[in-house]
Amino acid sequence: MRRYLDQKNEERKTAVPFSGVKKRIGVLGLAEGRTLLVGLDRTVRCEAAAGCDLDARRIDDAKKERPQLFYTTRYGEMLERDDIDIVAIYTPDQMHGDHIVKAFEAGKDVICTKPLVNSVEDAKRILAASQRSGKKLLVGQSTRFFESFRRQRAAYENGHLGSLELVDAHYTHRMDWFYEKSPWAATETDWIFLGLSHPVDLVRWYLGPIEEVEAYGSTSELGRRYGLQGFDIYIVNLRARDGRIARAMGHYGLKEMFSVRNCIELFLCGSKNTSMAQYHDMKYNYTLDDGTEVCEDPLYELRHYHFNSEIHGMHYGEFANYSDYFAEALTNGTRYSPGIEEGVETFCVMEAIRRSAKTRTPVAVTPLLAEAGL
Ligand SMILES: NC(=O)c1ccc[n+]([C@@H]2O[C@H](COP(=O)([O-])OP(=O)(O)OC[C@H]3O[C@@H](n4cnc5c(N)ncnc54)[C@H](O)[C@@H]3O)[C@@H](O)[C@H]2O)c1
């Protein structure tokens, strides 16, 4: 732990100040999108330029915190502006396809929150629009950009785990508050896209292309109470193209037990070592070669960056991290992930899960890739 923090502090001290041109971001949808608008105060390579929401009250709230920005209730007006390089989309799941196509057609690069899309039709449309426009897109898979998951990934890439043999990921969260503020969650999407997109992306990130899924779904009492159309409890087995296996789990009507189980956990079993990253806690746990267990817990050290002091559980830090990461890739032409093709592939895995849970049979992912235009 100490060694890692010393190294981080050294990096901070020796970092060269950024002297390039910052990418300017216009945010669409100012509920969760407000987190980005505020979080952009900690980025280096990009900055907030504008905010757009149909609801004037959302704009008033954002203006109180960031009065200097341009605001509008009309998306078209934000897209017309020459001083915006990247449009960041935080509208309801079922609108992402349309909003991405419009941004590409206006010549903007795009950050789109998860899930990238929630229908095969939209997957095809955004791929075609990206090819026509040549513009780039990053899927805002926030969990990948949280400190504990970044440390876990760095150790994995450095070979600490040996070869990865099993992935176990979950995202569980009681969602009555979400149905109250966003009734579209019950009828216009599915918890596979809305919630399970986190563990499914993590599995895809580590295991590469997924060949087949087998899923079970059921509906909680809470889901039934809010008129949920699909399932809100899922258990999924996944098999990667190279034969490795994983499990993803989601429950969106449970009574949580924060003291023993974090909302999101990623458990990796390698031939040499095992590790687990957690969210909302910022713990990164792992074994050493001799079997000793280590827990890195930088929550209080990094709390000011990831959360706005008291709010443990928001996304300020992750959203800032992925915006800077994408801005750097756009400026330097470097590779980045997950881009649009990986995002559509992960959508296909989620769609396969939806079909598998509905039909109660295993579903192959490859035919779906062709259906989506990959
Ligand atoms: N971890 C994460 O990255 C994370 C967390 C929460 C939500 N999300 C995603 O963010 C998206 C938004 O979720 P939310 O909780 O903010 O939903 P929400 O229903 O609270 O807010 C959506 C906002 O979009 C606005 N909007 C809708 N259509 C618009 C249009 N045409 N033009 C301008 N504004 C429009 C609405 O007025 C509303 O303010 C969803 O796709 C959700 O899955 C991601």
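Can we say Ile210 is more than 18 Å from the chain's Cα centre (by Cα), buried (at least 23 other Cβ atoms within 10 Å of the Cβ) and hydrophobic (A, V, I, L, M, F, W, C)?
Details: more than 18 Å from the chain's Cα centre (by Cα): yes; buried (at least 23 other Cβ atoms within 10 Å of the Cβ): yes; hydrophobic (A, V, I, L, M, F, W, C): yes.
Answer is yes for this residue.
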Exactly one of these conditions fails for Ala106: (1) outside the structural domain of Arg239 (by TED's automatic domain parsing); (2) within 24 Å of Ile210 (Cβ to Cβ). Give me its number. (2)
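Of the residues Arg34, Arg24, which is closer than 21 Å to Ala327 by Cβ, surrounded by fewer than 23 Cβ atoms within 10 Å (Cβ to Cβ), more than 13 Å from the ligand (Cβ to nearest atom) and among the charged types (D, E, K, R)?
Numbers: Arg34 fails: more than 13 Å from the ligand (Cβ to nearest atom).
Result of the check over Arg34, Arg24: Arg24.
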Could you run through the stretch 107-138 and say how many residues are of a type in the set (A, V, I, L, M, F, W, C) and in contact with a strand residue (DSSP E or B) (Cβ under 6 Å, 6 or more places away or on another chain)? 6
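Mind listing whichever residues of the stretch 189-207 are more than 10 Å from the ligand (Cβ to nearest atom) and not aromatic (Phe, Trp, Tyr)?
To start, the set of residues in the stretch 189-207 that are more than 10 Å from the ligand (Cβ to nearest atom) comprises 190-192, 196, 199-207.
Residues satisfying the conditions are Asp190, Ile192, Leu196, Pro199, Val200, Asp201, Leu202, Val203, Arg204, Leu207.
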Test result for Leu161, assigned to a helix (DSSP H, G or I) and in contact (Cβ under 8 Å) with a residue 24 or more places away in the chain: no
(1) touching a residue at least 60 places away in the same chain (Cβ under 8 Å); (2) basic (Lys, Arg); (3) crowded, with 19+ Cβ neighbours inside 10 Å all hold for Arg174 apart from (3)
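Here is a yes/no grid of residues against (1) modelled with pLDDT under 95; (2) assigned to a strand (DSSP E or B); (3) surrounded by 13 or more Cβ atoms within 10 Å (Cβ to Cβ):
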| position | (1), (2), (3) |
| --- | --- |
| Gly291 | no, no, no |
| His304 | yes, no, no |
| Ile311 | yes, no, no |
| Tyr322 | no, no, yes |
| Tyr325 | no, no, yes |
| Ser337 | no, no, yes |
| Thr346 | no, no, yes |
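Please go through the stretch 84-124 and give me each residue that is basic (Lys, Arg) and within 12 Å of the ligand (Cβ to nearest atom), ordered by number. Walk me through it before giving the result.
Taking the stretch 84-124 and keeping what is basic (Lys, Arg), we get 102, 108, 114, 124.
Result: Lys102, Lys114.
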What pairs come out if I take residues in the stretch 182-195 that are in the same structural domain as Ala352 (by TED's automatic domain parsing) and touching a residue at least 24 places away in the same chain (Cβ under 8 Å) and pair them with residues that are part of a loop (DSSP other than H, G, I, E, B) and within 8 Å of the ligand (Cβ to nearest atom) whose C-beta lies under 6 Å away, six or more apart or interchain? Trp184/Pro92; Phe193/Pro115
Top-ranked residue in the stretch 131-142 [being away from the ligand (no atom under 16 Å from the Cβ) and within 17 Å of Ala329 (Cα to Cα); ranked as surrounded by the fewest Cβ atoms within 10 Å (Cβ to Cβ)]: Gly134
Among the residues of the stretch 242-269, count how many are closer than 19 Å to Pro362 by Cβ and without any contact (Cβ under 8 Å) to a residue 12 or more places away in the chain. 1
Taking the residues in the stretch 1-34 that are part of a helix (DSSP H, G or I) and at pLDDT 95 or above as candidates, determine which candidate is farthest from His96 (Cα to Cα). Arg34
Residue among Arg66, Arg45 that is closer than 24 Å to Thr331 by Cα, modelled with pLDDT of 95 or more and among the basic types (Lys, Arg): Arg45
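Filter the stretch 348-374 down to the residues that are in a helix (DSSP H, G or I) and of a type in the set (A, V, I, L, M) and list them by number. Working first, answer last.
Of all residues in the stretch 348-374, those in a helix (DSSP H, G or I) come to 348-359, 366-372.
Passing the criteria: Val349, Met350, Ala352, Ile353, Ala357, Leu368, Leu369, Ala370, Ala372.
Return the residue satisfying two criteria in turn: it lies in the stretch 69-83 and is near the ligand (Cβ under 10 Å from one of its atoms) and outside any loop (DSSP other than H, G, I, E, B), and of such residues it is surrounded by the fewest Cβ atoms within 10 Å (Cβ to Cβ). Can you show your working first?
Here is the first cut: in the stretch 69-83, the ones near the ligand (Cβ under 10 Å from one of its atoms) are 72-76, 78.
In the following step, the residues that additionally are outside any loop (DSSP other than H, G, I, E, B) were identified as 72, 75-76, 78.
Numbers: Thr72: 17, Tyr75: 22, Gly76: 10, Met78: 23.
Restricting to residues being near the ligand (Cβ under 10 Å from one of its atoms) and outside any loop (DSSP other than H, G, I, E, B), the top hit is Gly76.
The values are calculated or read from the model by the stated rules, or taken from the named source; none is laboratory data. Please read all numbers here as calculations on a predicted model, not as lab measurements. All Cβ positions, glycine included, derive from the backbone under ideal geometry; neighbour counts span all protein chains shown.
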